[in-house]
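The next block holds one structure in the form of structure tokens; read it before the comments.
Each reported figure results from applying straightforward, stated rules to the coordinates on display, with no laboratory input. Predicted model only: the values in this text are computed from it and were never measured. Backbone-built Cβ (ideal geometry, glycine too); neighbour counts: all protein chains shown.
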Amino acid sequence: MDPYSKDQLLSFYNFHLKQFGDRPEALRWTPQGQIRRYHMLADIAPPDELRNASILDYGCGTGDFYRFLKRRGITVKYTGVDINPNFIELAKQKYPECTFRVMDISEDELEGYYDYIVICGVFNLNVPGVDNDLRNALVKLFRHCNKGLALSALSSHTPIKDHELHYTSPEDLIQFSLENLSPYLSLRHDRIPNDFTLYVYAGLNEIPLP
């Protein structure tokens, strides 16, 4: 991510954090919308397979996906990374049992390997180069993924678009993922209006059976 885009991103979210405090609105979610997306991310695997798994939440905000899982009795080894130091500081205060750190994947090396990696709305802000940033991040993150990766994004098929937001083509992302990540993937475009969730798996045996 170029310095201008990074400053723009940080300023945008710091403004909303100051306005709303530690609430989903600081991340440009409604409380209901955030929970619905968390459900979609958790569908990457059955609950029994998520329990005790190591999870990396890329762009974790204040770490509330961990709370979502914990309230459902799914105990995980949770690591959250985010580009915004203010979000990370709040996350550390709320969930000291987890691991949090500030990270810009375009500059910093990701350490370790994780069973599952989740990305919730990280690339939904319309900043220069966001499509390239998304693809570069997917390639780097998937190298550290043992089982599966889930990405929630705004769909380019949204009929009325907000100029502040970025809308990703699900068709283009499927093609990119097949060519650069894995042949084992699925996409849901039917549960949240104007959103899609992409699931990419490291192997066929990691795909949840119906």
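Spin-label model, D22 to N126: label points 7 Å out along the Cα-to-beta-carbon direction sit 3.3 nm apart. Looking at the chain, the DSSP beta bridges with both ends there are about 40 percent antiparallel. Separation of the alpha carbons by more than 26 angstrom is noted, of K92/K161; K6/K161; K6/K77; K77/K147, for K92/K161; K6/K77. Most tightly packed first, judged by the mean number of other beta-carbon atoms within 10 Å of their residues, the peptides 21-29, 176-184 read 21-29, 176-184.
Scanning residues 5 or more positions from V127 or on other chains, none has an amide H under 5 Å from its amide H, with H placed 1.01 Å from N in the peptide plane. For the chain, the mean residue ellipticity at 222 nm estimated from helices alone is -11000 deg cm²/dmol, where every DSSP H run of n ≥ 4 contributes -39500 (n - 2.57) and the total is divided by all residues, rounded to the nearest 500. First select every other residue whose beta carbon is under 14 angstrom from the beta carbon of P128; then total the charges, Lys and Arg +1, Asp and Glu -1. After counting each charged neighbour, the total is -4. A Förster distance of 41 Å, applied to the separation of the beta-carbon atoms of K140 and Q32, puts the FRET efficiency at 0.80. Label zone (K6, point 7 Å along Cα-to-C-beta; backbone nitrogen cut-off 20 Å) within segment 102-126: 102-111, 122-126.
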